[in-house]
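Participant: Let me begin by handing over the structure; questions about it come next.
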Amino acid sequence: MKKYLLFALVLWLCSVSFSADEENDSKAADRVQAAADVLNEIEAAPDSGIPEEILGRAECVAVVPSMLKGGFIVGGKYGRGLASCRTAKGWTTPAFFTVKGGSVGFQIGGQAVDLVMLIMNENGMQHLLSSQFALGADASVAAGPVGRHAEGNTDWKMRAEVLTYSRTRGVFAGVSLNGAVVKPDKDSTREFYGHMVTPRAALKGEVEPPAGASPFLTTLAKWAQQAAK
């Protein structure tokens, strides 16, 4: 009986957590603003932001506000976010995506995590333009260094295609997302643009950003420009 009660409790926790996450993330426009807020709050922290050298070199920036982590023994991750890439004309209109992944270990409960992914080179960008890719399998991924400067840490220069960060309850740190799968979020794309826009068209600068993209793109441009100084 205890085994069945425990199983029922796990199912209930997962269903409540994931349904709440989907409800909170139902509006693509709200996610654009939330992503801008995440970047502003992280970069405004005096000593715990993304190093300027890294942000200044990133080809693309992806943000997943309030990604869900939860489970009992077998854990899971699910989130919906948006990405923009650097071009000669500025940052591209957002491409919407989902990220899903699992983990096994001793854990219980759930928590919302803000996730930031920096795509550091052309190879990583090509994965982002694809229909689906797995972090750690298709694209090399590493936990990003934290702080205003990263001169002493050369790992990211040599090998990482994607650097990942998370923020939980105000604590910002590099995080590994090995095994997480990134796919286009077609529902959010249609909701935001009124029709389907491929990730390649959005992130290659082939689509003009609508007014609703301004909060994220303006924030991204501000911090990227400051990092490049």
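The values are calculated or read from the model by the stated rules, or taken from the named source; none is laboratory data. Quantities reported herein were computed from a predicted structural model and do not represent experimental measurements. Neighbour counts run over all protein chains shown; Cβ positions are idealised from the backbone, glycine included.
Participant: Just to verify a result, which residue in region 1-42, among those that are closer than 30 Å to Lys229 by Cβ and surrounded by fewer than 19 Cβ atoms within 10 Å (Cβ to Cβ), is modelled with the lowest pLDDT?
Facilitator: Filtering region 1-42 for residues that are closer than 30 Å to Lys229 by Cβ and surrounded by fewer than 19 Cβ atoms within 10 Å (Cβ to Cβ), the one modelled with the lowest pLDDT comes out as Glu41.
Residues are listed down the side, and each one gets a yes or a no for (1) among the hydrophobic types (A, V, I, L, M, F, W, C); (2) loosely packed, with under 14 Cβ neighbours inside 10 Å; (3) without any contact (Cβ under 8 Å) to a residue 12 or more places away in the chain:
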position: Phe172; (1), (2), (3): yes, no, no
position: Val175; (1), (2), (3): yes, no, no
position: Asp185; (1), (2), (3): no, no, no
position: Ala201; (1), (2), (3): yes, no, yes
position: Gly205; (1), (2), (3): no, no, no
position: Pro215; (1), (2), (3): no, no, no
position: Ala221; (1), (2), (3): yes, no, no
position: Gln226; (1), (2), (3): no, yes, no
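Participant: Among all residue pairs at least 6 apart or on different chains, which show Cβ distances below 8 Å where the first residue, located in region 111-122, is within 13 Å of Ile50 (Cα to Cα) and the second is in a strand (DSSP E or B) and of a type in the set (Asp, Glu)?
Facilitator: none
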